[in-house]
Structures are given as structure tokens and as C-alpha cells.
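Undergrad: Sending over a structure as C-alpha cells; questions will come in a sec.
Coordinate-derived values only; no laboratory data. Given the structure is predicted, the values throughout are model-derived calculations rather than measurements. Cβ coordinates were reconstructed from backbone atoms using ideal geometry, including for glycine residues, and neighbour counts include every protein chain displayed.
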Protein chains: 4
Amino acid sequence: MTASGLSAQALAEACAKSMWDDDLATRHLGMELVSVAPGQAVIVMTVAETMANGHGTCHGGYMFTLADSAFAFACNTYNARAVAQHCSITYIAPALVGDRLTATATEVSRKGRSGIYDIRITNQAGEPIAEFRGHSRTIKGTHLPE
Amino acid sequence: MTASGLSAQALAEACAKSMWDDDLATRHLGMELVSVAPGQAVIVMTVAETMANGHGTCHGGYMFTLADSAFAFACNTYNARAVAQHCSITYIAPALVGDRLTATATEVSRKGRSGIYDIRITNQAGEPIAEFRGHSRTIKGTHLPE
Amino acid sequence: MTASGLSAQALAEACAKSMWDDDLATRHLGMELVSVAPGQAVIVMTVAETMANGHGTCHGGYMFTLADSAFAFACNTYNARAVAQHCSITYIAPALVGDRLTATATEVSRKGRSGIYDIRITNQAGEPIAEFRGHSRTIKGTHLPE
Amino acid sequence: MTASGLSAQALAEACAKSMWDDDLATRHLGMELVSVAPGQAVIVMTVAETMANGHGTCHGGYMFTLADSAFAFACNTYNARAVAQHCSITYIAPALVGDRLTATATEVSRKGRSGIYDIRITNQAGEPIAEFRGHSRTIKGTHLPE
């Protein structure tokens with residue numbers, strides 16, 4: 001498959017498929033890619049026991065990882081390979097073992113090689129758990145042949 | 001064991017032991033706590049295949065998780081329970097499967113209930129991989145009885 | 001005037017008036033408060049020659065100051081005094097002497113004493129100039145008597 | 001003057017002089033460049049009444065501007081023009097009208113076109129007021145002819 005002739009939505013989905021097949025880390029954590037669109041992505045993950053401390057509270061690193069994956073899929077929807085430069089996360093409420101977390105990535109800005117994406121993590125009750133902001137930069141290469 | 005009568009260094013080590021025993025997530029990733037001191041911690045982790053994509057590059061989420069663990073141990077060395085509020089990471093160079101990463105946490109500021117900690121991640125060659133800055137806030141509770 | 005019996009919008013406006021009268025720094029830079037609403041504020045400022053370098057490009061500090069003022073007004077609309085804890089800014093495009101900049105602050109999250117606000121700066125052509133994210137925390141005190 | 005043959009220290013000083021002469025905004029605020037070295041800069045500024053609110057507390061924007069200037073001088077000491085991409089500031093304690101603030105910039109990382117610099121602001125008593133972290137990127141151009 002090549003990128004030529006694809007709609008923006010079809011291109012976003014093709015880029016995501018290419019990345020997903022390649023991303024063992026994301027699959028290994030049981031993440032599911034719910035949807036992708038130009039500049040957007042939604043991923044869900046259930047908090048496993050191995051992601052928590054003895055009191056059942058999810059390690060912040062796994063919340064970050066979930067948001068970071070949504071960020072990566074969202075900023076790679078244009079068939080230009082993009083990487084994370086700088087990311088920040090603010091914790092709002094704890095997540096617990098068994099919680100079903102949803103990371104929703106939206107594009108804030110894209111100019112030249114630089115992009116800004118906001119990712120909100122919510123739990124199964126729709127309560128906000130964390131807010132993440134990621135800065136991307138495109139590098140050489142494409143996901144599909146041009 | 002109680003906190004009374006312990007030196008600052010012994011207290012830091014006792015807090016770390018209490019946290020470590022409780023932190024399944026950190027142990028599950030194969031991290032090793034190399035050292036801890038008041039406001040400081042060093043943790044190492046080897047990049048496993050399950051932490052990487054198909055090209056062998058470590059997912060940013062696992063680098064964050066390593067730094068976040070070092071941050072957590074460093075800001076919890078005073079027998080006051082502290083949690084992360086806001087963290088940021090800047091990626092400098094990629095880490096590869098098999099790399100032995102060291103996260104070194106140092107205290108930048110501690111005033112009232114708020115702390116700032118910088119964590120540098122380096123690889124086995126001493127090359128900088130990422131810079132992380134974490135903001136902590138103390139909550140109620142102690143690691144050891146007062 | 002007291003806060004009791006005011007609508008949320010009227011309260012937001014009363015808080016803003018109280019702050020504005022007190023904020024010499026903001027007035028001194030020629031800022032104008034365009035609108036305020038619960039969790040929101042819009043401020044405009046024209047880039048003066050004294051805010052720029054010799055090539056006519058606005059110093060980043062003045063863009064930050066504009067966004068920071070919009071942030072302060074937005075997070076102080078509930079009659080609980082709130083202060084900035086941590087703020088970040090990403091520069092997207094330069095601003096020039098004479099540009100009319102608009103900072104639009106919206107609330108991302110508010111829980112307990114902590115809030116997150118995003119501020120977008122655009123120029124007179126509607127082009128994005130910078131994105132700012134501010135973290136607030138309420139302290140003791142109100143703007144109007146309760 | 002050209003860059004050829006200058007020591008690293010002489011080059012840093014020559015770059016700083018070139019920038020300073022050009023930076024009306026920084027001079028207009030009464031800043032003084034105390035010292036500069038490769039990757040480092042120290043700037044002082046006294047908090048004026050026009051930088052504060054009615055209670056005499058310095059607007060966060062002016063603390064940011066001071067740190068941002070120290071950052072700019074520090075990251076421009078290698079005769080490669082560098083600009084700010086992303087900056088964050090954490091407020092530790094308020095600054096008051098009349099306080100003499102010192103911003104000390106040190107280099108955390110420099111690789112390829114990207115740099116990370118930490119700037120600490122202290123007051124005349126040596127108390128920490130704010131911590132700033134700046135991310136720079138080199139663009140085309142030099143301060144002195146090569």
C-alpha cells in the first residue's frame with residue numbers, strides 16, 4: 001500500500017496500522033487502539049496488578065506510558081515519522097487496579113516540523129485521572145511509501 | 001522500627017526499604033535500587049524486549065517510568081509520604097534493547113510541602129538519554145512510625 | 001459588594017474587577033481585559049518597542065507575561081484566591097512590534113485546590129504564536145467578602 | 001571581530017556583548033549581565049513597582065522574563081544562534097518590590113541542535129524564589145562572523 005490517493009482518514013488509519021504492528025511495548029501492556037483520525041487517537045488500557053503498588057494504586061509511569069502511546073499515534077497520522085521531544089503529565093486522581101483507562105489525544109498545534117498534542121486520561125466512570133501534553137518533531141521517513 | 005533516633009541516612013534507607021517492599025510495579029520491571037540518601041536515589045534498569053518496538057528502541061514510557069521511580073524514592077527519604085504532582089521528560093537520545101539505564105535523582109528544592117527533583121538517565125556508556133524534572137507534594141502519613 | 005447571591009458570571013466579573021484594580025503590572029503593560037467567565041479570560045496586548053530586541057521580535061518573557069495574566073484572571077473567577085505554581089510555554093511563531101496579541105484562557109481541570117488552564121496566544125491575523133499551560137493552587141482568602 | 005581564534009570564554013563574552021547591545025527589552029527592565037561563560041550566564045534585576053501588584057508582590061511574568069534572559073544568554077555562548085522552544089517555571093517563594101533577584105543559568109544538556117538549561121532565581125538573601133528549565137534549538141546564523 002502507498003500513501004498516494006488515500007484520504008486523510010484512510011492515511012491516518014494506515015499509519016496507525018503500520019505503527020501498531022511494530023509496537024510490541026504498547027501491545028504487551030494490553031492497550032487497544034480504539035480510534036485514530038488526523039491528529040487524534042484514542043487508546044484504552046486496563047490497570048493490571050503488575051502496574052500497581054501493594055495498595056493497588058497504579059504507578060504513574062504506566063499512566064504516562066498510556067498517554068505517550070496515544071500521543072505517538074496521534075502525531076503520526078500524516079505519514080511523516082514523528083518522535084516525542086518533551087512530554088509532561090499532571091496527575092489529578094489515582095487510578096486503581098482493574099480501572100479501565102481511556103487516553104484521548106487531540107492536536108493543539110502543528111507547524112513546520114513541530115507539533116503539540118494534549119492527552120486526557122479518564123477512567124471508566126469518565127473521571128479525569130491525568131492531563132498530558134506532548135511535543136513532537138518530525139524526522140526523516142514515512143510509514144507508507146509515498 | 002520507628003523513625004526516632006535514626007540518622008538522616010538511616011531514615012532515608014528505611015523509608016526506601018518500606019517503599020520497595022510495597023512497589024510491585026518497580027520490581028516487576030527488573031529495577032534495582034542502587035543507593036538512596038536524603039533527597040537522592042539511584043535506580044538501574046535493563047531495557048527488555050517487551051519495552052521496545054520492533055526496531056529495538058525503548059518506548060519513552062519505560063524511560064519515564066524508570067525516572068519516575070527514582071524520583072519517588074528520592075522525595076520519600078524524609079519519612080513524610082510524598083506523591084508526584086507534575087513531571088516532565090525531555091528525550092535526548094534513544095535507548096536500545098539490552099541497554100543498562102541508570103536514573104540518578106537529585107533534589108533541586110524542598111520548601112513546605114513542595115519539592116522539585118531532577119533525574120538524569122544515562123546508559124552503560126555514560127551517555128545522557130533523558131532529563132526528567134518531577135514536582136512532589138507531601139500528603140498525610142509516614143513510612144515508619146514516628 | 002459580597003459574593004452571596006451573585007451568579008457565577010457576575011462573581012467571575014467581580015473577582016476580575018477586584019484583581020484588575022490591584023494589578024499595576026498588568027495595567028502598566030497596556031493589557032486590556034476583554035472578557036471573563038467562570039474558568040475563562042481573554043486579554044489583549046500590543047507588542048511595544050520596549051518589549052522587543054533590535055530586530056523587532058518580542059521577548060518571550062512578555063508573551064509569557066500576557067499568558068500568565070490571562071491564566072491568573074481565569075483561575076480566580078470563583079472567589080477563592082488562587083496562585084500559580086508551575087507554568088510552561090511553547091513558542092510557535094515570533095511576535096513583532098505592533099502585533100496585537102490575544103491570550104485566551106480556558107479551564108482544563110479543577111479538582112480540590114488544584115487547577116490546570118491552557119492559554120493560547122494568537123496575533124491579529126489569528127495565527128497561533130504560543131501555547132501556555134498553567135497550574136494553579138488555591139490559598140486562603142477571597143476576592144469579595146463571602 | 002570574528003570568532004576565529006577566540007577562546008571559548010572570549011567567544012561567550014563576545015556573543016553576549018552582541019546580544020546585549022541588541023536586546024532593548026532586557027536593558028529596559030534594568031537587568032545587568034553579571035557574568036557569562038560557555039553555557040552559563042548570571043543576570044540580576046531589581047523588582048520595580050511597575051512589576052508588582054498592589055500588595056508589592058512581583059508578577060510571575062517578570063520573574064520568568066529574568067530567567068528567560070539568563071537562559072538566552074547562556075544558550076547563545078557558542079556563536080550559534082539559539083532560540084527558546086519550550087520553557088517552564090516553578091514558583092517557590094514570592095519576590096517583593098525592591099528585591100534584588102539573581103538568575104543563574106547552567107547547562108544541563110547540549111546535543112545536536114537541542115539544549116537544556118536550568119535557571120535558578122534567588123533573592124538578595126540567597127533564598128530560592130523560582131526554578132526555570134529552558135529548551136533551546138539552534139537556528140541558522142552566528143553572532144560573530146566565523
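Undergrad: Please work out the C-alpha center-to-center distance from segment A:68-128 to segment B:32-66 and express it in whole Å.
TA: First find each Cα centre; the distance between them is then 21 Å.
Undergrad: Can you list the HN-Hα couplings for segment B:35-45, worked out from phi with the Karplus curve (6.51, -1.76, 1.60; θ = phi - 60°), rounded to whole Hz and with x for Gly and Pro?
TA: 7, 8, 8, x, x, 9, 7, 10, 10, 10, 8
Undergrad: OK, next. Between copies, how far apart are the C:Thr57 label points? List them in nm, one decimal, shortest first, with each point 7 Å from Cα toward Cβ, please?
TA: Distances between equivalent label points, in nm: 2.8, 3.4, 4.4.
Undergrad: Something else now. Please compute, for the alpha-carbon atoms of segment C:1-134, the extent along each of the three principal axes and give them in descending order in Å.
TA: 51, 27, 25
Undergrad: Turning to a different aspect of this structure: How much mean residue ellipticity at 222 nm does the protein assembly as shown get from its helices, if each DSSP H run of length 4 or more adds -39500 (n - 2.57) and you divide by all residues, to the nearest 500 deg cm²/dmol?
TA: Mean residue ellipticity at 222 nm (helix-derived): -7500 deg cm²/dmol.
Undergrad: Using 28 Å as the Cα-Cα cut-off, could you pick out the over-long pairs in B:Lys111/C:Lys111; B:Lys17/D:Lys111; A:Lys17/D:Lys111; B:Lys140/C:Lys140; A:Lys111/B:Lys111; C:Lys17/C:Lys111?
TA: B:Lys17/D:Lys111; A:Lys17/D:Lys111; A:Lys111/B:Lys111
Undergrad: Please list, ordered by chain and number, the residues whose modelled amide H lies under 5 Å from the amide H of A:Ile92; skip anything fewer than 5 residues away on the same chain.
TA: A:Ala130, A:Glu131
Undergrad: Let me know the charge dipole size of chain C about its Cα centre in debye, to the nearest 20, where only the beta-carbon of Lys, Arg (+1) and Asp, Glu (-1) is charged.
TA: Here the size comes out at about 520 debye.
Undergrad: With no solvent and one point on each alpha carbon, what is the Debye value of log10 I(q)/I(0) for the protein assembly as shown at q = 0.07, 0.11 Å⁻¹?
TA: Once normalised to I(0) and log-transformed, intensities are -0.42, -1.08.
Undergrad: Which whole-Hz couplings ³J(HN,Hα) result when phi for each residue of segment C:62-79 is put into the Karplus expression 6.51 cos²θ - 1.76 cosθ + 1.60, θ = phi - 60°, listed in order with x for Gly and Pro?
TA: 6, 5, 4, 4, 4, 5, 5, 5, 4, 4, 4, 5, 5, 7, 10, 9, 10, 6
Undergrad: For C:Thr46, what residues show an amide H to amide H distance below 5 Å, using hydrogens built from the backbone and excluding near sequence neighbours?
TA: So C:Thr46 has HN proximity to C:Leu101.
Undergrad: Got the A:Ser7 label distances to the other copies yet, label 7 Å along Cα→Cβ, in nm, shortest first?
TA: For A:Ser7, the other copies' label points sit at 4.2, 6.7, 7.0 nm, shortest first.
Undergrad: Continuing with the same structure: What does the net charge come to around B:Thr46 if you take all other residues with beta carbon closer than 11 Å to its beta carbon, with K and R at +1 and D and E at -1? Write down the numbers at each step before the final one.
TA: Numbers: positive: B:Arg100; negative: B:Glu32, B:Glu49, B:Asp99.
Taking every Cβ under 11 Å from that of B:Thr46, the sum is -2.
Undergrad: Return the long-range amide H neighbours of D:Arg81 (sequence gap of 5 or more, or a different chain), with a cut-off of under 5 Å between placed amide H atoms.
TA: Sorted by chain and number, the residues that satisfy this are D:Ile139, D:Gly141, D:Thr142, D:His143.
Undergrad: On C-alpha positions alone, give me the angle between the axis of helix A:8-22 and the longest principal axis of chain A, in degrees, nearest 10.
TA: That works out to roughly 60 degrees.
Undergrad: Which distances in nm, rounded to one decimal and ordered from shortest, link the label point of A:Arg113 to the equivalent label points in the other identical copies, with labels set 7 Å from Cα toward Cβ?
TA: Those label-point separations list as 0.4, 4.3, 4.4 nm.
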